[in-house]
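The values are calculated or read from the model by the stated rules, or taken from the named source; none is laboratory data. Computed from a predicted model, the values in this text were never measured in an experiment. Note that each Cβ is placed from the backbone with ideal geometry, even for glycine, and that neighbours are counted across all protein chains shown.
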Amino acid sequence: MRIAQADVIVTSPSRNFVTLKITTDDGVTGLGDATLNGRELAVAAYLRDHVAALLAGKDPARIEDTWQFLYRSAYWRRGPVTMAAIAAVDMALWDIKGKVANLPLYQLLGGACRTGLRAYGHASGTTLPELIDSIREHMAAGYTAIRVQTAVPGLGAIYGVASSAQVSGERYDYDPAHRGAQPAEEQWDTGAYLRHVPGVFEAVRAEFGPELPLLHDGHHRMTPIQAARLGKALEPYDLFWLEDCTPAENQDALRLVRQHTTTPLAIGEVFNTVWDFQTLIRDQLIDYVRAAVTHFGGVSPLKKLVDFAAQYQVKSGFHGPTDISPVGMAAQLHLGLAIHNFGIQEYMPPSAATSSVFRHAFTFVGGSLHPGDAAGLGVQLDEDAAVSFPYQQAYLPYARLRDGTVHDW
Ligand code: CS2
Ligand code: MG
């Protein structure tokens, strides 16, 4: 069997997605997610103009060799665009291997370590009553773990609050990236946020009691000492995790946070290689790895990451927002089912339009996800439906402080 063709499919049901479809000379196909929010076309071009031709004639069964070839032969390594492109090839080859073996991917990765994968959902509110309603809605939808995001008094639209209207006028609801020629600018004030958030968690705990797992995303906005302060202030509310509390290009920054708080820390959705995690894991500075299969180079390197993390009792918490396509989500669920150190899986259900393009075998029942037992990844792409949703330019917002300084969004 040889790879005959590699096609890049860009579609926009509710939001933009980039998918690689590899077809073998026997007619077996494999899918891979290459979606990089707000920079989708860069990865599509990387695949179309530089990778597709290199795959023709290759043995699809040699996944690791192909991964190493794409990573090393490019000379220029790492980074979100390169690693999303390599990820799509890796996922597609694992999909093909599963179909050839007539086995679901998780069986090829060592079989199931559990019956299903606990998921967490995104509750949010501009006011406390709205937030509490949103938590109830997610619990009614089956979620047994809830991420809590809240508006901050005195600030307009901020990350993670579904009902707040962005500068563009659209709600955040489904996806933070908004269609348009320019990114939306938001105002940010870390002091106001730090004064507001602990009280919100106090109220949520008072309403829902001590057991409900609660998560919060700091979304890279605090300095290490601010993150330490928030982590400490949230300790009484026993969070499942505080995520992306500070930008972690400088991994040592987490030492200061760790020094001051026992609130569990999750980091890594913007990371692309194991080296971005090396110090964080080796020195026990985090508790969950947030990498996403699509931005981390695929199933092969993500498996190596969680195996490395397992040695330090660090668990998985794979990134799973709307900009990870159902192909990427399926790949993460197969891996999550097969690894021992599974922690939790983020899950925002795909919209009806997205599911009309990506028909997926994975299920969400009673708060638990399962990849299904279809061969390979278990996702089919309806190319006619995909064509009916052409690409639309969209950007993630960005933030400025009150004095106009650009800040992490
Ligand atoms: C977020 C994401 O889900 C999360 O944890 O950090 O929604 C993130 O903002 C988007 O994936 C960016 O594209
Ligand atoms: Mg996040």
Inside the stretch 352-361, the number of residues satisfying the requirement of being assigned to a strand (DSSP E or B) and surrounded by fewer than 21 Cβ atoms within 10 Å (Cβ to Cβ) is 1
Counted residues in the stretch 174-196 being touching a Leu at 6+ places or on another chain (Cβ under 7 Å), within 16 Å of ligand 1 (Cβ to nearest atom) and within 17 Å of residue 126 (Cβ to Cβ) come to 2
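Enumerate the helices (runs of 4 or more DSSP H) found wholly within the stretch 1-74, keeping only those where 1 or more residues are farther than 23 Å from residue 356 by Cβ, of a type in the set (Asp, Glu) and out of contact with any strand residue (DSSP E or B) (no Cβ under 9 Å at 6 or more places or on another chain).
Ranges flagged: 63-73.
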Only one of 186, 202, 211 is in a loop (DSSP other than H, G, I, E, B) and more than 19 Å from the chain's Cα centre (by Cα), namely 211
Considering the stretch 269-287, residues that are under 15 Å from residue 219 (Cα atoms) and either touching a residue at least 40 places away in the same chain (Cβ under 8 Å) or over 16 Å from the mean Cα position of the chain (by Cα) (or both), and then whichever is farthest from ligand 1 (Cβ to nearest atom), we arrive at 270
Item to check | Boolean, residue 318 is assigned to a loop (DSSP other than H, G, I, E, B), within 30 Å of residue 374 (Cβ to Cβ) and either of a type in the set (A, V, I, L, M) or more than 12 Å from ligand 1 (Cβ to nearest atom) (or both) | outcome: no
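Taking the conditions exactly as written (within 16 Å of ligand 2 (Cβ to nearest atom), hydroxyl-bearing (Ser, Thr, Tyr), in contact with a helix residue (DSSP H, G or I) (Cβ under 9 Å, 6 or more places away or on another chain) and in contact (Cβ under 8 Å) with a residue 24 or more places away in the chain), does residue 322 satisfy them or not?
Working: within 16 Å of ligand 2 (Cβ to nearest atom): yes; hydroxyl-bearing (Ser, Thr, Tyr): yes; in contact with a helix residue (DSSP H, G or I) (Cβ under 9 Å, 6 or more places away or on another chain): yes; in contact (Cβ under 8 Å) with a residue 24 or more places away in the chain: yes.
Yes, satisfied.
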For the stretch 157-168, pairs from a residue that is at pLDDT below 90 to a residue that is surrounded by fewer than 19 Cβ atoms within 10 Å (Cβ to Cβ) and among the charged types (D, E, K, R), with Cβ under 7 Å and 6 or more apart or across chains, are 162/171; 162/173; 163/130; 163/171; 165/171; 167/185
Note on residue 105: of the conditions (1) buried (at least 19 other Cβ atoms within 10 Å of the Cβ); (2) away from ligand 1 (no atom under 15 Å from the Cβ); (3) free of Cβ contacts under 8 Å to residues at least 60 places away in the same chain, unmet is (3)
Check: In this structure, does residue 266 turn out to be in contact (Cβ under 8 Å) with a residue 24 or more places away in the chain, part of a loop (DSSP other than H, G, I, E, B) and either farther than 15 Å from residue 214 by Cβ or within 16 Å of ligand 2 (Cβ to nearest atom) (or both)?
Finding: no
